[in-house]
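Student: Pasting in a structure now, in structure tokens, and then I'll have a few things to ask.
The values are calculated or read from the model by the stated rules, or taken from the named source; none is laboratory data. Owing to the predicted nature of the structure, the values given are computational and were not obtained by experimental measurement. Reconstructed Cβ throughout: ideal geometry from the backbone, glycine too, with neighbour counts over all protein chains shown. With ligands, DNA and RNA removed, areas are computed over all heavy atoms of the protein, side chains included. Shrake-Rupley method; radii C 1.70, N 1.55, O 1.52, S 1.80 Å.
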Amino acid sequence: NEETFKVKLCSAPCAEPCCWMGSMVCFPCAQYQLRHKVLNHVEPGSGWSNYQCCQGMFGGICCIQPGNLGESSCPQCCMCAEGICCPGMAVSASQAVIMQRYQLGLDSDDVRLIRCNNCLQFLACCASCLNLCIDFQGDDAIVTCVNLTADITFCCMSGCMTARVY
């Protein structure tokens with residue numbers, strides 16, 4: 001889609017500084033509030049009635065399928081679990097709901113930032129796996145730095161996504 005968000009990911013911390021900081025202080029709480037706000041924005045007054053795990057945006061695995069995880073009987077508990085266990089998917093699902101509703105796409109800067117974050121996450125995963133298999137002196141410090149960089153980048157990116165959707 002050619003239309004994009006009014007606020008770019010890079011501008012989100014300045015546009016909504018409290019939301020950006022709040023999402024980094026308590027990510028699950030921020031995602032819980034954001035999803036409720038998104039669901040009621042798309043369908044006013046719906047409460048949690050339209051909630052699904054990750055809003056069904058991501059396919060399930062084996063017997064774990066969105067819509068069959070008890071969301072209808074206890075949507076708030078499921079959303080809390082989603083925010084804790086699947087933080088990246090939680091914020092991406094909320095953003096995707098708004099993108100679908102308004103037929104929005106991502107601009108090239110947003111795509112670059114998301115790709116950079118994904119590459120850092122992959123690098124951190126590979127570094128941790130290599131560290132388990134090959135033991136060199138001093139490699140723990142390098143792996144710790146790579147993981148810390150990936151974690152900080154993820155927190156900042158998810159905070160930006162949360163603030164922008166908010």
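Student: Out of curiosity, is Glu82 assigned to a loop (DSSP other than H, G, I, E, B), among the charged types (D, E, K, R), out of contact with any His (no Cβ under 8 Å at 6 or more places or on another chain) and open to solvent by less than 90 Å² (accessible area, probe 1.4 Å)?
Tutor: no
Student: Separate question: Restrict the check to the range 87-107 and report whether at least one residue is over 19 Å from the mean Cα position of the chain (by Cα) and open to solvent by less than 40 Å² (accessible area, probe 1.4 Å).
Tutor: no
Student: What are the residues in the range 140-166 that are more than 28 Å from Thr4 (Cβ to Cβ), exposed (fewer than 14 other Cβ atoms within 10 Å of the Cβ) and within 18 Å of the chain's Cα centre (by Cα), if any?
Tutor: Passing the criteria: only Leu148.
Student: Would it be correct to say that Cys10 is assigned to a helix (DSSP H, G or I), touching a helix residue (DSSP H, G or I) at 6+ places or on another chain (Cβ under 7 Å), modelled with pLDDT under 90 and not polar (S, T, N, Q)? Step through it out loud before you land on a result.
Tutor: Details: assigned to a helix (DSSP H, G or I): yes; touching a helix residue (DSSP H, G or I) at 6+ places or on another chain (Cβ under 7 Å): yes; modelled with pLDDT under 90: no; not polar (S, T, N, Q): yes.
Against the criterion (assigned to a helix (DSSP H, G or I), touching a helix residue (DSSP H, G or I) at 6+ places or on another chain (Cβ under 7 Å), modelled with pLDDT under 90 and not polar (S, T, N, Q)), Cys10 does not qualify.
Student: Still on this structure, I have one more. From the residues in the range 39-49 that are open to solvent by 60 Å² or more (accessible area, probe 1.4 Å) and of a type outside the set (Asp, Glu), which one is nearest to Cys74 (Cα to Cα)?
Tutor: Ser49
Student: Confirm whether Leu106 is touching a strand residue (DSSP E or B) at 6+ places or on another chain (Cβ under 7 Å), among the hydrophobic types (A, V, I, L, M, F, W, C), closer than 20 Å to Ala12 by Cβ and at pLDDT below 95.
Tutor: Considered against the rule, which asks whether it is touching a strand residue (DSSP E or B) at 6+ places or on another chain (Cβ under 7 Å), among the hydrophobic types (A, V, I, L, M, F, W, C), closer than 20 Å to Ala12 by Cβ and at pLDDT below 95, Leu106 comes out as yes.
Student: Please enumerate the residues belonging to the range 127-139 that are open to solvent by less than 100 Å² (accessible area, probe 1.4 Å), modelled with pLDDT under 85 and part of a helix (DSSP H, G or I). Please lay out each step first, then the result.
Tutor: Residues of the range 127-139 open to solvent by less than 100 Å² (accessible area, probe 1.4 Å): 127-129, 131, 134, 138-139.
Retained after the next criterion (residues that are modelled with pLDDT under 85): 134, 138-139.
Once the filter is applied, which keeps residues that are open to solvent by less than 100 Å² (accessible area, probe 1.4 Å), modelled with pLDDT under 85 and part of a helix (DSSP H, G or I), the range 127-139 yields only Asp139.
Student: Of everything in the range 2-36, what is among the small types (Gly, Ala, Ser) and either open to solvent by less than 40 Å² (accessible area, probe 1.4 Å) or in contact with a strand residue (DSSP E or B) (Cβ under 7 Å, 6 or more places away or on another chain) (or both)? Give them in sequence order.
Tutor: Ala12, Gly22, Ser23, Ala30
Student: Let me ask you something else. What number of residues within the range 6-35 are aliphatic (A, V, I, L, M) and within 12 Å of the chain's Cα centre (by Cα)? Spell out the reasoning first.
Tutor: Taking the range 6-35 and keeping what is aliphatic (A, V, I, L, M), we get 7, 9, 12, 15, 21, 24-25, 30, 34.
Among the residues that remain, those that are also within 12 Å of the chain's Cα centre (by Cα) are: 24, 30, 34.
Matching residues across the range 6-35 total 3.
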